[in-house]
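Trainee: The structure under discussion is supplied below as structure tokens; questions concerning it will follow.
Read the figures in this text as sums done on the coordinates, not as results from a lab. Everything numeric here is computed off the predicted structure, so don't read it as measured data. Virtual Cβ from ideal backbone geometry, glycine too; neighbours counted across all protein chains shown.
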Amino acid sequence: MRRRLGVAALSVPVLVFLLAFPLSLTPQSRRSRVLITQRVNENVLHRLAGNTRPQATAQNDAGPVPDSFIMEHMLLQLQRPAEQETALRQLIDSLHDSKSPNFHHWLRAAEFGQAFGPAPEDVAAVTDWLQSHGFQVNVVYPSGMLIDFSGTAGQVRSAFHTAIHYLDVNGSRHVANMNDPQIPEALAPAVAGVVSMHDFQPHTMKRAHANFTFSSGSNALQALSPADLATIYNLNPLFAAGTAGQGQTIAVIEDSDLYSAADWDTFRSTFGLSQYASGTLTTVHPAPASGANNCFAPGLVAGDDGEAILDAEWASAAAPAANIMVAACASTRTTFGGLIAMQNLLNSAAGPPAIMSISYGECEAGNGAAANAAYNFLFQQAVAEGVSVFVAAGDEGAASCDAGATGATHGIGVSGFASTPYNVAVGGTDFGDSVSNTNGSYWNSANSATYGSALSYIPEIPWNDSCAGSLLSAYFGYSVSYGPAGFCASNAARQYGLQGVVGGSGGPSGCAAGTPSASGVVGGTCQGYAKPAWQTAVTGIPDDGVRDLPDISLFAGDGVWGHYYVMCWSDVRNGGTRCTGDPSTWAGAGGTSFASPIMAGIQALVNQNTGSAQGNPNYVYYQLAANEYGAAGSSICNSSNGNAADGGCVFYNVTQGDNAVNCAGNQNCFGSTASTTRGRHAVVSATGALTAVGDSYSPAYGAAVGWNFATGIGTVNAYNLVTNWISGQ
């Protein structure tokens, strides 16, 4: 049962407060100190640094939008006083400490705002200033940390001293502010920034499966079904014991409605999940608790509807008796719909679902300081309310600012959605049976009635589709991946489409705050999130002082080594297939988009088993990992052992391979060949490999004993995780 702040039997407010908050706080300090203490002078300005998109350049500029251009539902992110921020972090730690009187006394949104929001005077001052410039204030969230407002481009230029222009980027038309917004200096102490003044949207973390194998085509593809998932990650004993997610709700956060809810039913009936009758699917467009509605039904967003259905289906695969909530809001010209949906859920009077998963992302250096702050504050509120937030770590190896590129040019960077200290960053693995030619040891030659063929746990390697990966290079007979004689310069790499920034993401937080000196490149005044208290004690965690990703990983392969996920997505116009006949003809994909909702589903089993919400699972993950790995790692829990791994392992330590991607240029790139010229165009050959050091090659990043940047603390035995969960109850 989820517990909220306070104890009903105690009627004295002071006693309730002291029980529910760290004892160093007094009732008088519960209210935030006023930060706005000067009169607003429109001629004395403060620049909100780090709030201009990398694409807002003269090269892409297509001219200003009309002054009447509507800018709806912009979000102004506020900030609390430093001492309140410190107190909140201490409270969150105590909420997860079984020895603390605050343990699991989760807050409600209104309580959170009252105790840790900005002073009401500051919120009123900022609101009055917006309205004085003609903006419509739609919502002031109960947390006190966010204001939703609308206006025109002319009003934005007048108030924030930045012009909104059209941009032509890679053949697509966008709008964005051309320089950092500015506000009166008097307001600056209470304002973190405008979350966004552009229409660039984060990208999904799914990859359509590859339609090839490395042989002549005779090798079989072992696509993953829910039955395979349950075998490999040991879910079946939980299901048999009646722990399948009954009574739990998992919200998957989207910016698109489902193409067809019938796809979810077909997926469940085909794969034997519909036997769990309590499992339901609902789609909600959550409105704010008060104020003007800012969440509108998005309808079908081409491609993103595939993300919505895979999230719903594979969360259900891990927790087939749970309720799956597709929480979707339409994106506006300035704001990602998924962010609106999460804000509205977390600030609702009824309280949010205890588990959320989001499979979108944008690198820290591209997301911008204000947007990074928005996700950090949002997830911070979530865990204070007892919500477990799972975020796909990314599909770009260690080069998250190069999503979709054929080679990395921006160096090492991580997702600003996944890098906060308040979420679980879920990375990606692939299966290592094809690498070791042991497929026959792990897969039946025929499927079960529910299309399962996996025999046991399977050795895992970091998911990596790039020619820079050491295992791919060795498979093709190359001793190195980089340079003119390396695999990335070979015809085979080009033939098989292996020149690309594709793999499970991981790396150090580097630009959660501040401004890069080069667009999309960690540097300048960039700073990463400080290393959280729970990310310690596990061998392999670097002493780098910053938050490191990922935390945990699951299979995310997209077919390069012969394995990928099956999904029922019947939107044939946008990449799906008809869900008829044998599921081998259905849509297939990979990516950390699958890993995140699956881990959310496993958390539903934890919550059911413990009887309560758990907040940030990382507090327990890292404690269990420290117990298992000790100071030198655990050889009996090495993933390479495969079906010989010890039966008591909670985590499987992935120690072979890396998630290095091919690169060009001079940002963390080793061995890239020189540019060449074809006709009048310079062509940069992305034949280097991303490195963690400057003048020699150290793959960014290699798997290793204990925690590592490629896979975090490894992958999971779900039964052992659930039954060994440290609840303190």
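Trainee: Just name one of 357, 414, 432: the one whose Cα is farthest towards the positive end of the charge dipole of region 324-432 (beta-carbon charges, Lys/Arg +1, Asp/Glu -1).
Mentor: Value computed over the given set: 357.
Trainee: Using just the alpha carbons, could you tell me how many Å³ per residue the convex hull of region 317-393 encloses? Each step should come with its number before you reach the end.
Mentor: On the way: hull volume 8.4 nm³, N = 77.
Per-residue hull volume (Cα only) is 110 Å³.
Trainee: How big is the Rg/Rh ratio for region 116-185, C-alpha atoms only, Rh by Kirkwood, two decimals?
Mentor: Ratio of gyration radius to Kirkwood radius: 1.06.
Trainee: A further question follows. Normalised by the residues of the chain, what does the relative contact order come to in percent, with Cα pairs under 8 Å and at least six apart? Walk me through the intermediate numbers first.
Mentor: Working: 1965 pairs, mean separation 113.7, N = 729.
Relative contact order comes out at 16 percent.
Trainee: At q = 0.08, 0.09, 0.10 Å⁻¹, what is the log10 ratio I(q)/I(0) for the chain, with the Debye formula run over Cα points and no solvent?
Mentor: Here the Debye-derived log intensity ratios amount to -0.60, -0.76, -0.95.
Trainee: What is the list of residues in region 399-418 whose amide nitrogen lies under 11 Å from a point 7 angstrom out from the Cα of residue 518, following Cα to Cβ?
Mentor: Output list for this probe position: 409-412.
Trainee: Give me the number: length gained by fully extending residue 544 to residue 585, i.e. 0.36 nm times residue separation minus the C-alpha to C-alpha distance, one decimal in nm. Spell out each step's value before the answer.
Mentor: On the way: separation 41, 0.36 × 41 = 14.76 nm, distance 4.65 nm.
Additional length available on full extension: 10.1 nm.
Trainee: For the chain, what does the helix formula give at 222 nm: sum of -39500 (n - 2.57) over DSSP H segments with n ≥ 4, over the residue count, nearest 500 deg cm²/dmol?
Mentor: Numbers: 19 runs with 173 residues, N = 729.
It lands at -6500 deg cm²/dmol.
Trainee: Using R₀ = 22 Å, calculate the FRET efficiency as 1/(1 + (r/R₀)^6) where r is the Cβ-Cβ separation of residue 269 and residue 455; round to 0.05. The partial results should precede the final answer.
Mentor: Working: r = 25 Å, r/R0 = 1.12.
Once the sixth-power term is evaluated, E becomes 0.35.
Trainee: Using each residue's phi in region 459-475, evaluate 6.51 cos²θ - 1.76 cosθ + 1.60 at θ = phi - 60° and report the 3J(HN,Hα) Karplus result to the nearest Hz, with x for Gly and Pro.
Mentor: Coupling constants for region 459-475: x, 10, 10, x, 5, 7, 9, 8, 4, 6, x, 5, 6, 5, 4, 5, 4 Hz.
Trainee: When N counts the residues of region 361-440, how does its alpha-carbon radius of gyration compare numerically with 2.2 N^0.38 Å, as a ratio? Let's see the in-between values first.
Mentor: On the way: Rg = 15.8 Å, N = 80, 2.2 N^0.38 = 11.6 Å.
Dividing the Cα radius of gyration by 2.2 N^0.38 Å gives 1.35.
Trainee: Going by amide H atoms built from the backbone, whose H comes under 5 Å of the H on residue 388, apart from near neighbours?
Mentor: Placed amide hydrogens put 355, 356, 614, 615 under 5 Å from residue 388.
Trainee: With charges only on Cβ, +1 for K and R and -1 for D and E, what is the dipole size of region 309-446 about its Cα centre, in debye, rounded to 20? Show your work: numbers first, answer last.
Mentor: Details: 1 positive and 10 negative charges, 70 e Å.
The calculated dipole for region 309-446 is roughly 340 debye.
Trainee: If a/c stays under 1.5 just call it rounded; otherwise compare a/b with b/c (prolate if a/b is bigger, oblate if not). Do that for region 523-562, with a ≥ b ≥ c from the square roots of the Cα gyration tensor eigenvalues. List each step's numbers first, then the result.
Mentor: On the way: a/c = 3.31, a/b = 1.66, b/c = 2.00.
Oblate shape, in that a/c is at least 1.5 and b/c is the bigger or equal ratio.
Trainee: Roughly speaking, what % of Cα-Cα pairs in region 468-545 are separated by over 19 Å, rounded to a whole number? Please report the intermediate quantities before stating the final value.
Mentor: Working: 1766 of 3003 pairs.
Counting every Cα pair in region 468-545, those more than 19 Å apart make up 59 percent.
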